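Here's the structure, in structure tokens; my notes come after.
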Amino acid sequence: MADSRVGLTVTQPDDRGRSSLGCAVWASRRLTSYPVGAVSEIAYSVRRSARARRVRVNVNADQGVEVVLPARAPERAAAAAVAELRPWIERRLGEAESVRARLAERAGTVPYLGETLQLVGQAGRTRVHRVGDRLLVPQEDPLVALERYLRRRARDELVPRLDRATAQAGTTYRELTVRGQRTRWASCSADGRMSFNWRLLLAPAPVLDYVVWHEVCHLEVMNHSPRFWALLESRWPRYRQDRLWLRRHGATLVL
């Protein structure tokens, strides 16, 4: 029921109106570059998509610049898009560099709903265990175990929030799924199926609460009309503040 699902828009909506996290799924890419001046050039990858209706450019802190082409678009359309959008791409690459710097600053720690938890590697450990403000993690390859831990914790954090919000709104949801979507924070289908990104646990708690309320309001209004935003403001008055935080810092919500 993809067409009846509404997602939280973070940057620009894709061809089906779904929200974009600014980091697309990367597969079957060809790396190339297009000179945009006598000295500098912007490296980018090209991916063709049967679903794309127009040329789209994504800039990601880790993956760089990607141009998505419709299946039948000429190859030169990618170079033309990069040349036309050069100022915007350069701004986004600068923001990506800032993201990398912020991630480097938190080395050895992980944010958790506004707290800063210290990562403590232990030989022989396979699962993550929290002790106070410390997370005991495997000495080797801790990120896999850490993501599993956060996925489990996401459900524990989301269920009571969803239950409280729907009870207050007088609505019900059918199902909760925790995912690691690369292109959306959360979504709500017309039949009440909720999906949330575990990476939201890396944000301050009010931001997670905002996303929960955003999706709960979609149980009543399945679009982003003025009626929807008025309803959200009545339920979560500080939504603008939390939405702005997510737009500014969402790219840092990675391990």
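Computed quantities for the displayed model
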{"item": "Flag for residue 93 being within 29 Å of residue 145 (Cα to Cα), surrounded by 12 or more Cβ atoms within 10 Å (Cβ to Cβ) and hydrophobic (A, V, I, L, M, F, W, C)", "result": "no"}
{"item": "Pairs where the first residue, in region 94-118, is acidic (Asp, Glu) and the second is exposed (fewer than 14 other Cβ atoms within 10 Å of the Cβ) and not in a strand (DSSP E or B), C-beta under 7 Å, 6+ apart", "result": "115/133"}
{"item": "Out of 148, 243, 235, sole residue that is among the charged types (D, E, K, R), over 26 Å from residue 100 (Cβ atoms) and not assigned by TED's automatic domain parsing to the domain that holds residue 98", "result": "235"}
{"item": "Candidate set: region 116-175, residues that are out of contact with any Gly (no Cβ under 6 Å at 6 or more places or on another chain) and polar (S, T, N, Q); chosen: the one farthest from residue 219 (Cα to Cα)", "result": "122"}
{"item": "Residue within region 167-186 that is touching a residue at least 40 places away in the same chain (Cβ under 8 Å), among the aromatic types (Phe, Trp, Tyr) and within 25 Å of residue 62 (Cα to Cα) present", "result": "yes"}
{"item": "Among the candidates 253, 219, residue that is farther than 14 Å from residue 166 by Cβ, buried (at least 16 other Cβ atoms within 10 Å of the Cβ) and in contact (Cβ under 8 Å) with a residue 12 or more places away in the chain", "result": "253"}
{"item": "When residues of region 197-211 are limited to those that are in a helix (DSSP H, G or I) and among the aliphatic types (A, V, I, L, M), the one surrounded by the most Cβ atoms within 10 Å (Cβ to Cβ)", "result": "200"}
{"item": "Residue check, residue 181 polar (S, T, N, Q), under 28 Å from residue 96 (Cβ atoms) and surrounded by fewer than 22 Cβ atoms within 10 Å (Cβ to Cβ)", "result": "yes"}
{"item": "Some residue of region 233-244 being part of a helix (DSSP H, G or I), within 11 Å of residue 185 (Cβ to Cβ) and out of contact with any Cys (no Cβ under 7 Å at 6 or more places or on another chain)", "result": "yes"}
{"item": "Selection within region 43-89 - in a loop (DSSP other than H, G, I, E, B), among the aliphatic types (A, V, I, L, M) and within 28 Å of residue 249 (Cα to Cα)", "result": "52, 55, 61, 85"}
{"item": "One residue from 167, 154 being at pLDDT 95 or above, more than 27 Å from residue 249 (Cβ to Cβ), in a helix (DSSP H, G or I) and not β-branched (Val, Ile, Thr)", "result": "167"}
{"item": "The lone exception for residue 172 - which of (1) loosely packed, with under 13 Cβ neighbours inside 10 Å; (2) assigned to a helix (DSSP H, G or I) it fails", "result": "(2)"}
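Results for (1) within 15 Å of residue 247 (Cβ to Cβ); (2) under 12 Å from the mean Cα position of the chain (by Cα), shown as yes or no for each residue.
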{"position": "187", "(1), (2)": "no, yes"}
{"position": "193", "(1), (2)": "no, no"}
{"position": "198", "(1), (2)": "no, yes"}
{"position": "203", "(1), (2)": "yes, yes"}
{"position": "206", "(1), (2)": "yes, no"}
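Conditions (1) out of contact with any helix residue (DSSP H, G or I) (no Cβ under 9 Å at 6 or more places or on another chain); (2) hydrophobic (A, V, I, L, M, F, W, C), marked per residue:
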| residue | (1), (2) |
| --- | --- |
| 81 | yes, yes |
| 89 | no, yes |
| 100 | yes, no |
| 104 | yes, yes |
| 109 | yes, no |
| 113 | no, yes |
| 117 | yes, yes |
| 130 | no, no |
| 133 | yes, no |
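The values are calculated or read from the model by the stated rules, or taken from the named source; none is laboratory data. Predicted model only: the values in this text are computed from it and were never measured. Every residue, glycine as well, gets a Cβ built from its backbone with ideal geometry; the counts of neighbours run over all protein chains shown.
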